[in-house]
Amino acid sequence: MLKHSFNRVYPVAMGFLLALMVSCQSSVNHSPGWTANPYPDDYSGITPLSNRHQWGAANVHDPALLKVDSCYYVFSTDAYYMAPGVEFNPDSIAAGHIQIRKSNDLINWQFVGWVFDRVPDDAVAHVRQFNDGKGGDGIWAPYVVRHEGEYRLYYSVSGFGTNSSYIGMAKASNPQGPWSHEGCVVKTSPESVMNAIDASIVTDAQNGRMWMHYGSYFGGLHCVELDPATGLTLTPGDQGHLVATRANRTNQIIEAPEIIYHPDLKKYFLFVSYDPLFTHYNVRVGRSDHPQGPFLDFFGNDMADTTNNYPILTHSYRFNNHPGWSGNAHCGVMNDNGKFFMLHQGRLAPDNLMMVMQTRQMFWLPSGWPVVSPERYAGVYSAPISNDDVVGEWEVITLNELPDQVKLWQGQIPPGGWNYNDKMFNLSQKVVMTDAGTLTCGLSGQWTLTGDVLKMNQMECMVFRGWDWENQKESILFSGLNEKGVAVWGKKVNLTNKN
């Protein structure tokens with residue numbers, strides 16, 4: 001993604017964890033019994049690299065998630081928050097490229113090292129050949145897949161504002177390495193339509209054919225067939241076909257494809273990211289019967305056409321008692337034995353320089369579209385919810401598109417373009433669900449509950465239990481899509497009923 005060079009100038013980060021779990025022996029099905037948040041969002045006090053084992057999910061950008069047995073691994077972009085006036089690496093630690101973390105519960109994360117000790121020479125040479133000898137200083141947007149007993153890691157090398165880019169592949173017999181560079185998958189230059197970054201791999205459930213989705217701002221997102229035996233392109237030099245673009249693509253971002261297969265729905269879901277990294281970065285999704293597309297959105301539009309696509313699953317937002325989150329996109333998605341999770345970066349207001357990896361449980365509406373939790377996953381049991389549980393006061397946020405506050409350059413805000421104010425966030429409103437089945441205050445109409453489906457007028461939402469990070473307590477949450485294809489999030493804020 002052309003965004004990532006910004007991380008070298010305006011670094012990013014995330015809240016550190018108080019407890020680091022070394023082993024991976026338990027599952028995510030547990031009751032945490034939290035009395036406070038498991039970790040703070042602001043980790044500015046432990047920014048030096050020597051504190052990396054306290055970071056937890058801090059400094060995780062563009063997470064790629066892999067599960068091996070009962071252990072979860074996250075691989076992420078070369079990106080770090082560097083606090084003003086604090087030396088980042090006073091001990092001259094030999095930092096590498098592509099951070100690796102592991103967890104046993106998707107909450108507590110342990111930093112375990114890097115994939116490479118240097119950017120592969122052929123990738124650097126390619127980028128600099130077409131970019132005045134510049135770029136190729138870091139590695140972006142990893143993606144990891146297991147294939148017949150080996151692990152394949154796809155990674156991107158580029159320079160900001162150019163499509164002189166390179167997607168390479170490395171192999172290992174263990175997620176923690178050692179990793180060996182195997183060669184180039186796709187590379188692009190200024191003459192190319194597309195941009196060789198942001199790989200995501202999927203295998204056709206019917207015939208075993210393997211496909212890589214990739215690309216960004218330059219020319220939209222493309223799909224190319226891979227050779228399962230090698231992990232490289234089936235036809236050398238093939239750059240694939242267009243699968244997703246957007247209106248006004250000369251100024252607006254689309255990037256970060258992530259594709260998964262849902263075995264029950266028998267459909268492939270292509271998640272993409274829109275808009276500027278530091279502000280209104282948001283996730284959208286389309287679906288198809290085939291891994292190579294075409295992908296249709298909420299309204300049946302082909303994502304390869306020049307119409308902006310819906311639904312919107314994440315966006316900038318602010319609940320009460322919190323400064324707010326922006327940059328909520330470039331996601332990794334995983335099917336964990338029938339439970340789905342989305343991981344993405346989140347920029348912590350007011351400065352939007354620290355970044356927290358957000359792990360959200362994903363649910364599927366009766367319509368077959370995914371939605372994600374309004375709160376980060378914290379291992380709270382999903383016990384049955386009754387009508388009495390729903391009655392009460394809620395905070396509700398509609399994740400509408402928000403106008404840019406400054407003129408964009410290649411889809412990104414220029415330096416100094418972020419301004420902390422209410423206009424930069426989707427804000428919450430108070431909604432009361434009465435025991436008579438009506439909606440009052442911020443909404444009017446009716447609500448009904450059938451199983452885990454909460455219907456508010458004509459809008460269907462999934463309702464579930466979770467952790468309220470802003471108020472540091474368990475709560476009841478819902479997530480749905482309105483008639484405009486926009487996510488609506490809610491959390492109950494008074495728990496005086498039977499919960």
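Each value in this text was obtained by applying a stated rule to the coordinates, not by laboratory testing. This one's a predicted model, so the numbers in the text were calculated from it and none came from an experiment. Cβ placement follows ideal geometry from the backbone for every residue including glycine, while neighbour counts extend to all protein chains displayed.
What list do you get for LEU232, LEU226 if you sort them by fewest beta carbons within 10 Å?
The most exposed by this proxy come first: LEU232, LEU226.
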Checklist entry - Taking amide hydrogens as modeled 1.01 Å from N in the peptide plane, which residues meet the under 5 Å criterion relative to GLU470, leaving out close sequence neighbours? => result none
Checklist entry - If the convex hull of the alpha-carbon atoms of segment 389-492 is projected onto planes in all directions, what is the mean projected area in square nanometres? => result 8.2 nm²
Checklist entry - What list do you get for CYS331, CYS184 if you sort them by fewest beta carbons within 10 Å? => result CYS184, CYS331
Checklist entry - Structure shown: which of LYS187/LYS423; LYS407/LYS455; LYS266/LYS423; LYS339/LYS455; LYS267/LYS473 lie over 29 Å apart, alpha-carbon to alpha-carbon? => result LYS187/LYS423; LYS407/LYS455; LYS266/LYS423; LYS267/LYS473
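Mind running the shape call on segment 274-395? Use the C-alpha gyration tensor, a ≥ b ≥ c as the square roots of the eigenvalues: rounded below 1.5 for a/c, prolate if a/b tops b/c, oblate otherwise.
oblate
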Checklist entry - Taking θ as phi - 60°, what are the ³J(HN,Hα) couplings along segment 385-395 by the Karplus curve (6.51, -1.76, 1.60), each to the nearest whole Hz, with x for Gly and Pro? => result 10, 9, 4, 4, 5, 6, 4, x, 8, 10, 9
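Divide, for segment 93-168, the radius of gyration over alpha carbons by 2.2 N^0.38 Å, where N is the residue count.
In units of the 2.2 N^0.38 Å rule of thumb, it is 1.27.
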Checklist entry - Roughly what would the spin-label model give for ASP305 and THR35, points 7 Å off Cα along C-beta, in nm? => result 5.7 nm
Checklist outcome for this item: In segment 349-430, the trypsin sites (Lys or Arg not before Pro) that sit in a DSSP loop and have at most 16 other Cβ atoms within 10 Å of their own Cβ are LYS407
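Quick check: convex hull of the Cα atoms in the chain, volume per residue, rounded to a whole Å³? Show your work: numbers first, answer last.
On the way: hull volume 67.9 nm³, N = 499.
For the chain, the hull spanned by Cα atoms encloses 136 Å³ per residue.
Give the residue list of GluC sites (Glu not before Pro) in segment 167-236 that are DSSP loop and have at most 16 other beta-carbon atoms within 10 angstrom.
Counting only loop positions with at most 16 other Cβ atoms within 10 Å, the GluC sites (Glu not before Pro) in segment 167-236 are GLU191.
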Item to check | Cut-off of 10 Å, at most 16 other beta carbons, DSSP loop: longest stretch of the chain lacking such chymotrypsin sites (Phe, Trp or Tyr not before Pro) | outcome: 89-298
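Give me LEU348, LEU66 sorted ascending by neighbouring Cβ count inside 10 Å, so fewest comes first.
Sorted ascending by nearby Cβ count, the order is LEU66, LEU348.
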